[in-house]
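Reading through the structure tokens given below for one structure.
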Amino acid sequence: MPTTAQESPTVRGRLLDAMRQCLTDRGYQATTIADIVRVARTSKRSFYAEFADKQECYVELLGAVNVELLAAIETAVDPASAWPAQVRQAVHAYITVCESNPGTTRSWIRELPALGDAARAVQLASLEAFTALMARLTGTDRFHAAGIPPMSRETAVIVWGGIRELAASTIERGLPLSSLEEPAVAACVALVGGTAAARAVD
């Protein structure tokens, strides 16, 4: 379930948790600093002691959630498992984190791009971290034995963009994110396994 603003021991942490809750309740555009400090049970003065504005708080939160997401994926994947099972483990971890952060999941796709350069910076940092993680996870013995090379940046971009859009649209339709696990696993297995098939044809 979403983190509540009262769980963090620091003012900054409570404000970030409050922003997380506000994204779920009303989205970024409709959220005001008054909303954030009310949920965080603090003051505007305390807010401005930590952040220059609402956007800075928002961007920091999205970056932090992305770090949580990638850490959860890496922890969930067992390199001793068969490679399709590893793909499933990664997808399941992704969905689990998104389920606990529905507001940030939707906002990343629908609202973040409107911030322009500030958005681009956090998007690029997150994408680079994801591509590095995918190359690392698919560069292990199980994938090598199946003739599958480490995931390329191009393939990682397809996976990253596709699964984020799928998650956002699933939330908007009011469906549980668990409903996308099977199609997401099937698509990722086909994409990853197809790399080996393509190399064989070449």
* To do: Kindly check whether there is at least one residue in the stretch 32-40 that is modelled with pLDDT under 95, of a type outside the set (Val, Ile, Thr) and outside the structural domain of THR96 (by TED's automatic domain parsing).
  => no
* If we keep just the residues of the stretch 108-134 that are touching a helix residue (DSSP H, G or I) at 6+ places or on another chain (Cβ under 7 Å) and modelled with pLDDT of 95 or more, which is surrounded by the most Cβ atoms within 10 Å (Cβ to Cβ)? -> MET134
* Would you call THR138 among the β-branched types (Val, Ile, Thr) and out of contact with any helix residue (DSSP H, G or I) (no Cβ under 6 Å at 6 or more places or on another chain)? -> yes
* Residues of the stretch 100-124 that turn out to be outside any helix (DSSP H, G or I) and over 13 Å from GLY27 (Cβ atoms), as a count -> 2
* From TYR94, TYR58, residue being surrounded by 20 or more Cβ atoms within 10 Å (Cβ to Cβ), assigned to a helix (DSSP H, G or I) and in contact with a Phe, Trp or Tyr (Cβ under 9 Å, 6 or more places away or on another chain) -> TYR58
* Report whether or not THR140 is touching a residue at least 24 places away in the same chain (Cβ under 8 Å) and either more than 19 Å from the chain's Cα centre (by Cα) or on the phi > 0 side of the Ramachandran plot (or both). => yes
* Structure fact -> The condition of being surrounded by 16 or more Cβ atoms within 10 Å (Cβ to Cβ) and under 25 Å from ILE171 (Cα atoms) holds, among THR31, THR42, only for THR31
* Taking only the stretch 38-55 into account, find how many residues are part of a helix (DSSP H, G or I), farther than 13 Å from ARG12 by Cβ and either touching a helix residue (DSSP H, G or I) at 6+ places or on another chain (Cβ under 6 Å) or not basic (Lys, Arg) (or both). => 4
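The values are calculated or read from the model by the stated rules, or taken from the named source; none is laboratory data. Just so we're clear, the structure is a prediction, and the values are computed from it rather than from any experiment. Note that each Cβ is placed from the backbone with ideal geometry, even for glycine, and that neighbours are counted across all protein chains shown.
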